[in-house]
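Asker: My questions all concern the structure below.
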Amino acid sequence: MKFSYKFSNLLGTVYRKGNVTFSPDGNSVFSPVGNRITVYDLKNNKTQTLSFNSKYNYESFDISPNGLLLAAVNERGEAHIISLMSKTKIFQYRFKRNVPCIKFSPNGNYLAVLKGNSAFVFKVPGSFSGEYKGFEMIKVFHSAHDLTTCLDWSSDSKILAVGSADMIVRLYAVEADLNFNQCSLGSHKHTIIACFFENNSLDVSTLSSDGTLCVWDCNTDLEDLQYNSTRPKKSKISNGEKDSDDELYENRLEKDPEDLDKNLVDKGDKNYNNEDEDDDDDEDEEHRKNKIFYKRLSRVNLCSTLRKDDPNVKLTSAAYHKSTHLLVTGYSTGCFFLHELPSVTMIHSLSICDYEINAISLNNSGDWIALASSNLGNLLVWEWQSETYVMKQQGHTNNMTCLSYSPDGMYLATGGIDGKVKLWNTNSGFCFVTFTEHSNNVTDVQFSPNRNFVVSTSLDGTVRAFDLNRYRNFKTFTSPTPVQFCCVAVDSNSEFIAAGGQDVFEIYLWSLKIGRLCEILTGHEGPVSRIAFSPVLGSTCFASVSWDKTLRLWNAVDINQENESFSIGGDGLAVAFRPDGNEVAVASLDGQIYFFDIKNKLQSHSIEGRNDLGSGVTDTDVISAKKNLSSKGFTTLSYTADGSCILAGGHSKNVCMYNVKNSILLKKFEITENRSLDNMDDFINRRKMTEYGNIALIERRENSQVQIRLPGVRQGDMASRAFKPEIRVFYLEFSPTGQSWAAATTEGLIMYQLDLALVFDPLELKLSITPDTVQKTLQEGDYSKALMMAVKLGETHLVQNVLESVPYSDIELCVASISQVYVIRCMKFIVSLLENSKHLEFYLCWIKNILTIHGSAIKGVDFIPVLLSLQKNLTRNFDDIGKLCDHNKYTIGFLLKIGKLKIKSRNLSEDNKENEDVLMERVILHCQYVLIE
């Protein structure tokens, strides 16, 4: 078993807060998801969360024009410059305050950052600027009287526009020698939300939070900006240089005494005064000609129509495409408008939600509009010309509580506090269907073993089954009396569904075929926390754990059979069957994991994991972390695909992997470093402790426009306190393929994948087996020996080289010569290569020959993960190629139909032409006959 699992993706969280932006090529959208950034590839239909993270949530970021650098700032003012090629942090800078906006210049040389009432300009490292220093400050502007809010660059990267909360937009020249003085643009009554330059122009458009748009025209073109060559440059003069200059001046006066008389001019001379005044007038006139000023062309309120329904509507975000002059504005009501400037003509309007739109971005062509809302956590890309969605994604609006893998590991089902059940594609990372039939928290969700439906339970008292072919709720199960269900399980034959009650200590058993309640199982004396069916095919045995400190084994068919009961050391929190069905693991509140042998009906051993779990302290805790640990334990368990290890998580940021046989901790995964969440530290910093308690609990004053909160509510829109979410692992599960595992956490659905490149796992390795000897054997034509040697070394690139070097005609002979010991390892390599390889038919030929020749040896639990991975990869390739083939088939059919119609119309036109010629000849003959008569 390999343990080099690395973070691979973050699902379930689409957008948190901050801005969103398109990549320079316009095919991808970057979105902040907490302390990470996710990239949505719209062209290839795939999502990827970048591997780097921050200690706090990101609030603003921008991408360089060449797409190689990403600058991001978190909520504590810590800025990072990240290379998008290596996905690593290059430089770091601490602003120590909130940064509302950060933006690269169009030429890629500068980076503008807003902090407080100031604007900072830095040089960007890289080939454009020729600098290697991370943050080299070249300019600071301090003229704003309130907090700065937005900025924009001119097309030549020489002028910077900065908007602030003092209702003024100020224009600055980045280069000091430029003949551009600071300009201030007013005419607003509220905070500036956005300001935009026109393309290749100094004309500016400004927007305020009340929806007022001002269009400003500049009297100077961008090309007319010049550098002041006569402007004196300030330079520091040393004492030595000053003395030498004085001596030089004195020597010049001593050598030319008559020059002194010529320089002494009578100040009362009238002619001199007239000449001097004429020169001053000429300079003033020239200065007035070169002076840059702005004229307001129009002032329009964009949200006047929205105020008819809601007088408190506000403009919350805006974006502008300079080439096409398209302005997109988002409002607090969930509407967005599309206008054309400078005429301010409305082109398009749409409402996407009932909450405010927090971020808007346009791609490079101006066809796609990205809109994001933090209240719903949704992100969509709208193509305004065709009025269609390019992408529409929304995560769970609150915490995700449960998850389940499909039997082939291709899909994931999740449930949340928002009452929604979502299905995710593990390859693309997108949610493709959402079920909203539940009216309360979804407590558990399970895939059926035949992958035809998903079952979920909720606190609304229903157990619902959703069809995965038609995407509908085809069965709803209820109890005779209202019960809040907290767990569910499906048997291996997909015939029985069992659910446990939270307020009633009973287990309900339904038959899926007849849709009726079969039995109500009693015996537990506390809430049933978890139920699990045996994974053995045909088995109807299932286990349940309860807060009454017992584990019970039941049989769904023979209800009259006396159930087995086992005592555990604490309240039962989780239960899991080993893949072979011979062992069951139980997690209890005392921090231990108990293992029971199903055949012998005995407890085999246990693992003490409380100290491994770890427990931090929240801001509201008045006890130490050590004391707090005594009330926490593992709440979710999952066996690995081969059953040799078990994964455990709970009220902590840690996920522990144990070896079951030896009862030892193998690895501990820290799922996040986000300190914006609570329960991350093991102790409270003494600097935060005052005589009145923890200073972190002091809330900031809110303005009068904030909605009145409902006292006592901790979650949802009416929560009375702005508290930090507490980090915890709600549910985790291993993929049936064994290559990955997923955890439903406060951050979202975090996925870890096995990184084979970091693992050296040889088999029967000898000193004579090296990469050089493998290459030598391969050149000699002994393919089977070279393949076994490469499999022994266990290096993926070496095995790939050997496999692809074998001729197509020799594959069957090579497979027949391989010993059965190497079959499973060889299949693992082929399946992993099949996922991304273009040689699909070639590797399928290997798989076909292995299954045909060594089919008798492919049995047992060890081969199940490999076969499931093979099924997953083949299904994905079938879907991708099937879509392409269908598209080509229908396109060819359409072209053939058009061709036939063209030929038919051409034949008709030729027939009509012949008929016209015959008719014309008859007319001519008739005329000749008449003339002759």
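The values are calculated or read from the model by the stated rules, or taken from the named source; none is laboratory data. Since we're looking at a predicted model, the values are computed, not measured. Note that each Cβ is placed from the backbone with ideal geometry, even for glycine, and that neighbours are counted across all protein chains shown.
Asker: For the range 324-383, list the strands (runs of 3 or more DSSP E) that sit wholly inside it and hold at least 1 residues that are buried (at least 19 other Cβ atoms within 10 Å of the Cβ); which are they?
Answerer: 326-331, 335-340, 359-362, 368-373, 378-383
Asker: Could you check how many residues of the range 98-116 are free of Cβ contacts under 8 Å to residues at least 60 places away in the same chain and among the aromatic types (Phe, Trp, Tyr)?
Answerer: The total comes to 1.
Asker: Shifting gears a bit: Are any residues in the range 567-594 of a type in the set (Gly, Ala, Ser), closer than 13 Å to ARG552 by Cα and either in contact (Cβ under 8 Å) with a residue 60 or more places away in the chain or surrounded by fewer than 24 Cβ atoms within 10 Å (Cβ to Cβ) (or both), and if so, which ones?
Answerer: SER567, ALA574, ALA576, ALA585
Asker: Further, regarding this structure: Checking the conditions here, which among ASP444, ASP418, ASP367, ASP408 is touching a helix residue (DSSP H, G or I) at 6+ places or on another chain (Cβ under 7 Å) and charged (D, E, K, R)? Spell out how you get there, then give the answer.
Answerer: Numbers: ASP444 fails: touching a helix residue (DSSP H, G or I) at 6+ places or on another chain (Cβ under 7 Å); ASP418 fails: touching a helix residue (DSSP H, G or I) at 6+ places or on another chain (Cβ under 7 Å); ASP367 fails: touching a helix residue (DSSP H, G or I) at 6+ places or on another chain (Cβ under 7 Å).
Unique residue meeting the criteria: ASP408.
Asker: Within the range 210-230, which residues are touching a Leu at 6+ places or on another chain (Cβ under 9 Å) and either small (Gly, Ala, Ser) or modelled with pLDDT of 90 or more (or both)?
Answerer: Across the range 210-230, the qualifying residues are ASP210, GLY211, THR212, LEU213, CYS214, VAL215, TRP216, ASP217, CYS218.
Asker: Related question: Test of understanding: among ASN888, ASN836, which residue is at negative phi and in a loop (DSSP other than H, G, I, E, B)?
Answerer: So the residue among ASN888, ASN836 that is at negative phi and in a loop (DSSP other than H, G, I, E, B) is ASN836.
Asker: Moving on. Looking at (1) under 29 Å from LEU754 (Cβ atoms); (2) in a loop (DSSP other than H, G, I, E, B); (3) more than 21 Å from the chain's Cα centre (by Cα); (4) of a type in the set (S, T, N, Q), which one does SER386 not meet, given that it meets all the others?
Answerer: (1)
Asker: Separate question: Which count do you get for residues in the range 178-209 that are within 15 Å of MET167 (Cβ to Cβ), of a type in the set (S, T, N, Q) and over 32 Å from the mean Cα position of the chain (by Cα)?
Answerer: Counting residues in the range 178-209 that are within 15 Å of MET167 (Cβ to Cβ), of a type in the set (S, T, N, Q) and over 32 Å from the mean Cα position of the chain (by Cα) gives 2.
Asker: Next question, about the same structure. Please determine, by comparing only the residues of the range 132-147 that are in a strand (DSSP E or B) and among the aliphatic types (A, V, I, L, M), which one is farthest from ILE90 (Cα to Cα).
Answerer: Residues of the range 132-147 that are in a strand (DSSP E or B), as a first pass: 136-141.
Still in the list and also among the aliphatic types (A, V, I, L, M): 137-138, 140.
Numbers: MET137: 17, ILE138: 20, VAL140: 23 Å.
Checked the range 132-147; the qualifying residue farthest from ILE90 (Cα to Cα) is VAL140.
Asker: I would also like to ask the following. How about the range 419-439: which of its residues are touching a residue at least 24 places away in the same chain (Cβ under 8 Å) and under 23 Å from PRO482 (Cβ atoms)?
Answerer: Across the range 419-439, the qualifying residues are GLY419, LYS420, VAL421, PHE435, GLU437, HIS438.
Asker: Another question, then. Residue by residue through the range 520-542, note down the ones that are under 17 Å from THR457 (Cβ atoms) and surrounded by 18 or more Cβ atoms within 10 Å (Cβ to Cβ).
Answerer: LEU521, HIS524, PRO527, VAL528, SER529, ARG530, ILE531, ALA532, PHE533, PHE542
Rundown of residues vs (1) crowded, with 20+ Cβ neighbours inside 10 Å; (2) within 15 Å of the chain's Cα centre (by Cα); (3) of a type in the set (Phe, Trp, Tyr), yes/no style:
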residue	(1), (2), (3)
THR13	yes, yes, no
ARG16	yes, yes, no
VAL29	yes, yes, no
ARG36	yes, yes, no
THR47	yes, yes, no
LYS55	no, no, no
GLU78	no, no, no
SER86	no, no, no
TYR93	no, no, yes
